[in-house]
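Read through the structure below, which is laid out as structure tokens, and then see the notes.
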Amino acid sequence: MRRRSLTENLLAWFRREDRRLPWRGTTDPYRIWVSEVMLQQTTVGAVEKRYEAFVARFPDVLSLARAREESVLAAWSGLGYYARARNLRRAARIIRLEHGGRIPRDPAVLSSLPGFGDYMSAAVASLAFGARLPAAEANVERVLSRVFALPGTAGARELSERVLAHARALLPADRPGDFTAALMDLGQKVCTPRRPVCGACPIAADCVARESGDPESWPRRRAKPAPVRLSLAAGVAEEGGRLFLVRRRSTWLDGLWEFPCGEADSDPASRTELERRLVTLGLELTGEPALGTARHAVVNRRIEITVFRARRRGNAAPPGGARTRWFRPGDLADAAIPTLTRKVAAAARRSG
């Protein structure tokens, strides 16, 4: 295999494609870092819709470091995996306190920051600072696994090390970040997990997996966990045009706002859990039929949501404090609420 021609062909394709993305065409390490964090476990299409608004609200490290966590979570709302947003803010605060507000150039220093790790530190150092370092996320791993027919399971350390070794050998001396970006784009647009478009691939002539006739066999896929089906009952209480929400306490969506809910393995059990929860909040169900239903998926959780109307329980007053709040419907758009909460609100609105 001619490594130089492979690199040259891929970069020529990258320049022809000239993919317009809001985080491309810059060497600003902050904008590159934010984009890479957003792109972890999220599609390019979803990130495109949220990226500009986020960097407009927090245009640099210092503004992000000074922001309240709830403000950052609100700007992140809808992207999911909220630990990413918390780590982004935590890292910004460390950069402000220990590095004078300037993102470090040294990959070893970057890798010590919250949320960075090997891939993120290499990607930022390469794309922003021109460091000749290979960075391999899922798309890069898939492309190079196929080109070189590398054995191993997707996401496994052994395969990652093989991929990085090949990526390192292919990196050009000039603008190595473009090569990494080209591999990412190729994996997203051409060398896809299912039905790769080998006829449109600029390096197909050098691909061992294509020659085998079954490129989808690389890399070996990790076994997916079986779906877990859950029932969730949500209570929507409204007074004076305002909706009652509570702040979640759990490792999943911790600190975000949600309607009071009960979760179980069946509809009757989840409704019972909801009724118990409402009592502690000075609320109760009205006894009306369900307002509506919705569905939500998180990793391997498949959640069936049933929405009920709730009300104040007698003369009881819902507890105040930092864990409960009455929101105007218009305020929800800028609140730190997850997609599941938005689905519950939408189901309630559809009922009229």
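The values are calculated or read from the model by the stated rules, or taken from the named source; none is laboratory data. Since the structure is predicted, the reported quantities are computational estimates derived from the model, not experimental observations. Cβ atoms come from the backbone with ideal geometry, glycine included; neighbour counts cover every protein chain shown.
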Taking region 94-113 and keeping only residues that are crowded, with 16+ Cβ neighbours inside 10 Å, of a type outside the set (A, V, I, L, M) and under 18 Å from residue 67 (Cα atoms), one is left with 96
Over region 70-100, the set of residues farther than 16 Å from residue 336 by Cα and among the charged types (D, E, K, R) is 90, 93, 96, 98
For residue 328, state whether it is farther than 25 Å from residue 84 by Cα, touching a strand residue (DSSP E or B) at 6+ places or on another chain (Cβ under 6 Å) and surrounded by 13 or more Cβ atoms within 10 Å (Cβ to Cβ).
-> no
Kindly list the number of the only condition in (1) at pLDDT 95 or above; (2) surrounded by fewer than 24 Cβ atoms within 10 Å (Cβ to Cβ) that fails for residue 130.
-> (1)
Scan region 114-127 for residues that are buried (at least 22 other Cβ atoms within 10 Å of the Cβ) and in contact (Cβ under 8 Å) with a residue 40 or more places away in the chain and jot them down.
-> 120, 123, 124, 126, 127
Verdict on residue 52 being within 23 Å of residue 136 (Cβ to Cβ) and out of contact with any Ser or Thr (no Cβ under 6 Å at 6 or more places or on another chain) = no
Quick one: would you say residue 167 is touching a Pro at 6+ places or on another chain (Cβ under 6 Å) and closer than 18 Å to residue 118 by Cβ?
-> yes
What number goes with the only condition from (1) of a type in the set (Lys, Arg); (2) surrounded by fewer than 21 Cβ atoms within 10 Å (Cβ to Cβ); (3) farther than 20 Å from residue 125 by Cβ that residue 89 does not pass?
-> (2)
Free of Cβ contacts under 8 Å to residues at least 24 places away in the same chain, within 14 Å of residue 8 (Cα to Cα) and not hydrophobic (A, V, I, L, M, F, W, C) - does that describe any residue in region 175-198?
-> no
For region 1-38, how many residues meet the condition of being closer than 19 Å to residue 123 by Cβ and without any contact (Cβ under 8 Å) to a residue 40 or more places away in the chain?
-> 7
Residue 71 vs (1) at pLDDT below 95; (2) surrounded by 22 or more Cβ atoms within 10 Å (Cβ to Cβ); (3) small (Gly, Ala, Ser): all pass except (2)
Tell me, which strands (runs of 3 or more DSSP E) wholly within region 245-352 include 1 or more residues that are at pLDDT below 90?
-> 292-298
Residue 203 is checked against (1) among the aliphatic types (A, V, I, L, M); (2) in contact with a Pro (Cβ under 8 Å, 6 or more places away or on another chain); (3) not assigned by TED's automatic domain parsing to the domain that holds residue 261 and fails just one. What number does that condition carry?
-> (2)
Of the residues in region 1-59 that are among the aromatic types (Phe, Trp, Tyr) and under 14 Å from the mean Cα position of the chain (by Cα), the one that is surrounded by the most Cβ atoms within 10 Å (Cβ to Cβ) is 33
Could you list, in sequence order, all residues of region 49-86 that are farther than 18 Å from residue 120 by Cβ and basic (Lys, Arg)?
-> 49, 50, 57, 66, 68
So the helices (runs of 4 or more DSSP H) completely within region 138-235 holding 3 or more residues that are at pLDDT 95 or above and surrounded by 17 or more Cβ atoms within 10 Å (Cβ to Cβ) are 138-147, 157-170, 176-189
Tell me, yes or no, whether region 48-61 has at least one residue that is in contact (Cβ under 8 Å) with a residue 24 or more places away in the chain, assigned to a helix (DSSP H, G or I) and hydrophobic (A, V, I, L, M, F, W, C).
-> yes
Conditions (1) assigned by TED's automatic domain parsing to the domain that holds residue 287; (2) without any contact (Cβ under 8 Å) to a residue 12 or more places away in the chain -> residue 237 fails only (2)
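Here is a yes/no grid of residues against (1) assigned by TED's automatic domain parsing to the domain that holds residue 46; (2) over 18 Å from the mean Cα position of the chain (by Cα); (3) basic (Lys, Arg):
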{"site": "83", "(1), (2), (3)": "yes, no, no"}
{"site": "86", "(1), (2), (3)": "yes, no, yes"}
{"site": "89", "(1), (2), (3)": "yes, no, yes"}
{"site": "93", "(1), (2), (3)": "yes, yes, yes"}
{"site": "96", "(1), (2), (3)": "yes, yes, yes"}
{"site": "102", "(1), (2), (3)": "yes, yes, yes"}
{"site": "108", "(1), (2), (3)": "yes, yes, no"}
